[in-house]
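What follows is a single structure, written as structure tokens, with notes after it.
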Amino acid sequence: MRFNSYITAITCLMVAVGFAATCLVEELSPAFLVFAGAAAITSLAINVRVMMRPRTSVSAPAGTPAIKKAVEDGWRAVFNVMAALAFALFLADYYAISQTLAAAASRFLAILALIKLYDLRSTRDYVILFTIVFFQLIGAAASTVSPFFFAVLSAFVISAIWAMVVFNIKRDFEKSSPSEDIPAGIFGARFFLSTLAVAFGSLAITLALFFALPRMGVGLFEKKTLRTVKVSGFSEKVRLGELGPVKLDPTVVMRVEVPDGIRPLQTLYLRGAALDYYDGESWNRESGGKELLRKNDRGAFTSPSPMPAAVKTTGNIHPAVPDGPPAVPDGHPAGHTKAAAGEMVEYRIMLEPLETEVIFTPGLLPAWPTGWVEISGRFNYLWTDASDTLYLSSPPYSRIEYTVTVNQPALPAGKDGGRAVKDLSPYLALPPAVLDGPPEAGAIKELSLRITEGAGGDAEKAVAVESYLRTNYRYTLDPRKGAGKTPLDDFLFFTKEGYCEQYSTAMVILLRTAGIPARLVTGFSQGQWNGFGGYFLIRQQDAHSWVEAYIEGQPSRTAGWVRFDPTPAAGIITPFSPLPVSLYLDSLRWRWTRYVIGYSFSDQIRISRAIEAKASGLQALIKTTLNSVKDGWLAVRDGVLAILKPSNGQWRRTTALFFVLFAAAATVFLAAVKLRWKRGAKNPKTPWFYLDMLRILGQAGFKKKGPETPREFAQRCAVPEAMRLTEAYEGIRYGGVRPEEAEKAEIRRLIESLRKKNLRRPSGTECRPSGTSVPIG
Amino acid sequence: MNLRPTISAPLPWLTILAAKLFGKKNGKGKSQVKRPPFFVFPRTLEFTKEGKRFIAVLFLVGIAAINTGNNLLYLILAMLLSLIIISGVMSESTLRGLKAKRELPRHIYRGTPAKTRIVVENTKRLMPSYSFIVGEMRSPDAVIAETAYFLKLDGGRKAVKTVSYSFGKRGVVRLAGVYFKTAFPFGLFVKGRREPALEEMVVYPRVRPLRPEETKVPEAPSAGTNAARGKGAGTEIYGLRDYTFLDDARLIHWKASARTRRLVRKESERERERTVLVVFDNSGGGEAFEDEVEKAASIASHFIGTGFRVGLKTLSFEIAPGAGPGHLTRILKSLALVESARNEGRHSVHDGPPGVRVVYV
């Protein structure tokens, strides 16, 4: 593969990365992207054709240097003019056309890259193109939250590393040998694989650094670029009959992570706003103004409801719950599988940018609906009102993440003063249509009485109404129009079919008629459970409404708002069931959003605490191990002492003997070490083969005498191999020669030959073994 | 009361201590020797132009990430930082395990480029080293050495490049060591590693072409009076002897060889009058001194090159006349080391031996 081919491949890869990054910018229209893609492909095709021409260097147009320079200058001028035009276009785009920086800048960069693609002449041009691609990546980072960004970034890392290495080597080579062509052989498959390995290493380091880089949270220009989701499923004003179409909208509204990723047995409710005033057609909120909540010393908002006397132990809060919720008869399953009574459960909610400032608090059935204890998130203010609805200062224009700690089941709101319910009259008010229209009003009253007949307390009455509605009415998203004056009449007496709003409105009115304060609550029900990520995926279609009733406690119990849901299960569980693949992809998206996009200082604190806990565990383990070693040693010592100390006189003798033996052993050991050291020091640089030769000759009876030089010894022995080996030895030992591979092989051969030779012990003083009479000259 | 013993006993120690504490640091003797620095970084690092731009972009992205709190910008920031780390690791893997050896020519003349072989070995087993240069560490002896560039050197392999060294000083010159530098992998930083490779050599004075008046053979005081005795490189036949393989084939006396049927060579008489004594008055000093040394070396080289026996006489030493390249080496070596003898108290060398041509420098 020729060098130019590498450049072509890298350029294609880089341009593709830049294009992918541009595609991630949400504000760009598909038409522009198609245009840019087509232009890039055309240009790349031209470039590939030019580069593949034989004997054409990337950086060398034909002609003499002067012509070459003039041509390059000309092209550069053309590029500069076009770049200036593109910049003017960018300014016009930003100030007059799109008026968004991300879109205008991305368009500008894409056009700039396209212009540069038609002007790739020198190395500098390539560097400029790659720099533009880098800025395209930054542009994408500034305007997207898509997990595909990571794929684009990975592709960029691979191609950028490849490009930088190749261009750097090219430049170094051209500097040292300007007239030569770089040998393409060095950029083979092995080189590419090494680059790939390096890129993966770089990505691993990138992730490690990403999580370690301190998040200051002092941003002046926080990102607010996500498009907001129009939440037609949820509003602070509910008009009966408007929700139906919404129940088919699969737009994701939020994700709710449950503790330990284990699905709770009961339905999850996400409480939004509570509405108290019904005018016969629609629900509104009338009661009271907003009240600002204060952050506690942990930086979290605390519930204005009386806090349980929390006992803090190792980070978990164990509230002292004097009483559970009011006794609610059967019909509701027992509490959360994980959450025993009084346990704090922490839900993590990732809310898409919605067009409402209301935020949602999770809870299960049966529970005190307003039983949240703490909310923490990246917002500075939180407001509440008399109906315990929670508001941000403004609708969030970016995805927000917050955690809600819920007391499961929660304490009642009205206990111990605190935010005691001052005035329950708004929750008992009946719409004029119900009060004034005699036939309907009478019918509703009668129905209410009929349902609650026989029920003892408020709680039992409420449960009776709930179960009546659940069993006697049909759930449909498309209720018929009946002969009733109002939608409520239609539902209760004529068509007897409807969806959550009809059910909950009916229950509120029936309860109010029975003298139980009640209100309608809007929010979302649990949605789709995603087992891959351990969270609930809440969509528009999961919009729901239910009822909260104020239940007076029995003498031993306390009073408070209790959640009831008269809608049959068919209305709560959405029929929509996505494919496992899409759930898995959504869990990836969730993780990306949760751990990358939403990664924050508090996450860092959590991680560091976890590490600290692990480290302290390790410390404790080391301590225990050391202690056990110490104990073991003490036991051994005591045992030895017990053996050695039978009596006083014997003790001394034994000790003396022990010390003498120990000293003798130490002396012998030290002497051995010294001897060994001396022997080692004698021939520090003697190569192995000479030692082998001496050993083999020694076994045959040729001993080297002390004052004899190696050469004299070899001559005395008169073995040709010994002579050759001695020469090699002299070269290495005294000449500082490093044997080449061939010489090493020769030495090995000589040693082998010497070993195989039948050397016989010399007779008398004659060294020369019989059978060898090679003269050494 | 006699206090003297108690006072005098610590005095020498006190004096030594005071001298150590308050004595001049730049005095003569040991303190003039420059101490090696306490700590030297094992690697050097320089930013390239691209590296500076990279760091500037890194800072910009960092500021943008902090200001916007955008985690994707943090991701890009982490990616840029990881590139720096990867760059450090890869450049280290290139520099580590490299060993260089220089093979200088036997005769080195001041100011004349000496072709030197740089032998580099990659002692790593597997990892190749990419795109690095080998150069000579800065020397106080005014050595200018070219750098040798190696594109790729596989693990366990050797490579050789020939570069030229230029020495700006005659005499004993010390080369401290070599350095390896690389901008690999990304060209953002140039990392360097020094390898001490101490080598001392004698640099001869420059031998320049002589001007015509300098090449003039001087008159001997008693030219032609004595006959030459003994063998030599003269023109007269001295005798014949058997040819050996060590002899120049041009010296074979073909007629005598044909006559005797064995190869016979002729031997010439020694030309006693073709002896030149270069008298170098090294009592001078200053800048002219080097020129004079060079002139002496050039004259000696010229005359030996044209077959003269050349001797050298200076105020400090004397070399008896001799011929051949070995003798020239001896003279050049002596001239490489010659120093001004201004302070030695001698006044003249201007008395050459009788019957020898004398060139005064």
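The values are calculated or read from the model by the stated rules, or taken from the named source; none is laboratory data. What you are looking at is a predicted structure, and each value in this text was computed from that prediction instead of being measured. All Cβ positions, even for glycine, are placed from backbone atoms using ideal geometry, and neighbour counts span all protein chains on display.
Some notes on this structure:
- Flag for residue B:106 being of a type in the set (Lys, Arg), free of Cβ contacts under 8 Å to residues at least 12 places away in the same chain and either assigned by TED's automatic domain parsing to the domain that holds residue B:329 or out of contact with any strand residue (DSSP E or B) (no Cβ under 7 Å at 6 or more places or on another chain) (or both): yes
- Apart from one condition, residue A:383 fits all of (1) at pLDDT 80 or above; (2) under 30 Å from residue A:146 (Cβ atoms); the exception is (2).
- Selection count where residues are at pLDDT 85 or above and closer than 25 Å to residue A:148 by Cβ, scope the range A:589-631: 0
- Hey, residue B:185 assigned to a loop (DSSP other than H, G, I, E, B), out of contact with any Phe, Trp or Tyr (no Cβ under 6 Å at 6 or more places or on another chain) and either more than 30 Å from residue B:291 (Cα to Cα) or in the same structural domain as residue B:329 (by TED's automatic domain parsing) (or both) or not: yes
- Selection count, the range A:343-360, where residues are modelled with pLDDT of 80 or more and outside any loop (DSSP other than H, G, I, E, B): 8
- Looking only at the range A:129-158, and only at residues there that are over 29 Å from residue A:590 (Cβ atoms) and either of a type outside the set (Phe, Trp, Tyr) or surrounded by fewer than 18 Cβ atoms within 10 Å (Cβ to Cβ) (or both), the one that is nearest to the other protein chains (Cβ to nearest Cβ): A:131
- Among the candidates B:193, B:206, B:211, the residue that is closer than 26 Å to residue B:55 by Cα and more than 14 Å from chain A (Cβ to nearest Cβ) is uniquely B:193.
- Filter pass, residue A:119 being buried (at least 16 other Cβ atoms within 10 Å of the Cβ), closer than 27 Å to residue A:76 by Cα, at pLDDT 85 or above and charged (D, E, K, R): no
- Of all residue pairs spaced 6 or more apart or on separate chains, those with beta-carbon atoms under 7 Å, a first member in the range A:523-534 that is touching a residue at least 24 places away in the same chain (Cβ under 8 Å) and more than 16 Å from residue A:587 (Cβ to Cβ) and a second member that is of a type in the set (A, V, I, L, M) and surrounded by fewer than 22 Cβ atoms within 10 Å (Cβ to Cβ) are A:525/A:572.
- Residues considered: A:88, A:142. Of these, the only one that is among the aliphatic types (A, V, I, L, M) and out of contact with any Lys or Arg (no Cβ under 9 Å at 6 or more places or on another chain) is A:88.
- Qualifying residues in the range A:183-202 (those that are surrounded by fewer than 19 Cβ atoms within 10 Å (Cβ to Cβ) and at the interface with another protein chain (Cβ under 8 Å from one of its Cβ atoms)) - the one nearest to residue A:23 (Cα to Cα): A:201
- Reported count of residues in the range A:711-753, each being in a loop (DSSP other than H, G, I, E, B) and among the aliphatic types (A, V, I, L, M), is 3.
- Qualifying strands (runs of 3 or more DSSP E) (wholly inside the range B:57-151; at least 1 residues being farther than 28 Å from residue B:170 by Cα): B:98-103, B:114-122, B:129-136
- For first residues located in the range B:182-206 and surrounded by fewer than 19 Cβ atoms within 10 Å (Cβ to Cβ), partners that are of a type in the set (Asp, Glu) and not in a loop (DSSP other than H, G, I, E, B) and lie 6+ apart or on another chain with Cβ distances below 6 Å form the pairs B:190/B:46; B:206/B:294.
- Residue selected from the range A:159-174 under the condition within 8 Å of chain B (Cβ to nearest Cβ) and surrounded by fewer than 21 Cβ atoms within 10 Å (Cβ to Cβ), by the criterion farthest from the chain's Cα centre (by Cα): A:173
- So residue B:203, is it at pLDDT 75 or above and either under 34 Å from the mean Cα position of the chain (by Cα) or among the acidic types (Asp, Glu) (or both): yes
- Just so you know, in the range A:454-501 the residues that are within 14 Å of residue A:444 (Cα to Cα) and touching a Phe, Trp or Tyr at 6+ places or on another chain (Cβ under 6 Å) include one that is modelled with the lowest pLDDT, and it is A:484.
- Selection within the range B:103-131 - of a type in the set (D, E, K, R), surrounded by fewer than 19 Cβ atoms within 10 Å (Cβ to Cβ) and under 20 Å from the mean Cα position of the chain (by Cα): B:103, B:106, B:115, B:117
- Total residues in the range A:165-194, condition in contact with a Phe, Trp or Tyr (Cβ under 9 Å, 6 or more places away or on another chain) and of a type in the set (D, E, K, R): 5
- Qualifying residue in the range B:74-95 (condition: at the interface with another protein chain (Cβ under 9 Å from one of its Cβ atoms), free of Cβ contacts under 8 Å to residues at least 40 places away in the same chain and over 26 Å from residue A:166 (Cβ atoms)): yes
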